[in-house]
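Encoded as structure tokens, the structure appears first; notes follow it.
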Amino acid sequence: VGHMFAIQCALSGAKQIDIAIRPSSKEKAEEIKQKINKIKPALPVSIIDIQNITGSYDLLINATPVGTAP
């Protein structure tokens, strides 16, 4: 689900996308980054360990599966 949000942000004019991950999700985040780079090659996309994220954001999307199990 997270990749849909990231791609839609790219298509909607985001100036930068930061993907905050746990280290175990790095491979999936790289796939998302590659998809975005194909659509918007000039758009900066960063992959950041969630423990090291800093700064301010206009939009924050939590795409974890927490709460989706029965």
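The values are calculated or read from the model by the stated rules, or taken from the named source; none is laboratory data. All of these numbers come straight from a predicted model, not from anything done at the bench. A quick note on method: Cβ atoms are made from the backbone with ideal geometry, for glycine too, and the neighbour counts reach across all protein chains shown. Surface accessibility is based on the protein's heavy atoms, side chains included, excluding ligands, DNA and RNA. Shrake-Rupley method; radii C 1.70, N 1.55, O 1.52, S 1.80 Å.
Every test in (1) modelled with pLDDT of 95 or more; (2) in contact with a His (Cβ under 9 Å, 6 or more places away or on another chain) is passed by P41 save one, and that test is (2). Taking residues in the range 46-70 that are open to solvent by less than 100 Å² (accessible area, probe 1.4 Å), and partners anywhere that are part of a loop (DSSP other than H, G, I, E, B) and hydrophobic (A, V, I, L, M, F, W, C), the pairs with Cβ atoms closer than 9 Å and at least 6 places apart or on different chains are A63/V1; P65/V1.
Here the range 1-40 is the region considered, the condition is being part of a helix (DSSP H, G or I) and among the small types (G, A, S), and the residue that is farthest from the chain's Cα centre (by Cα) is S24.
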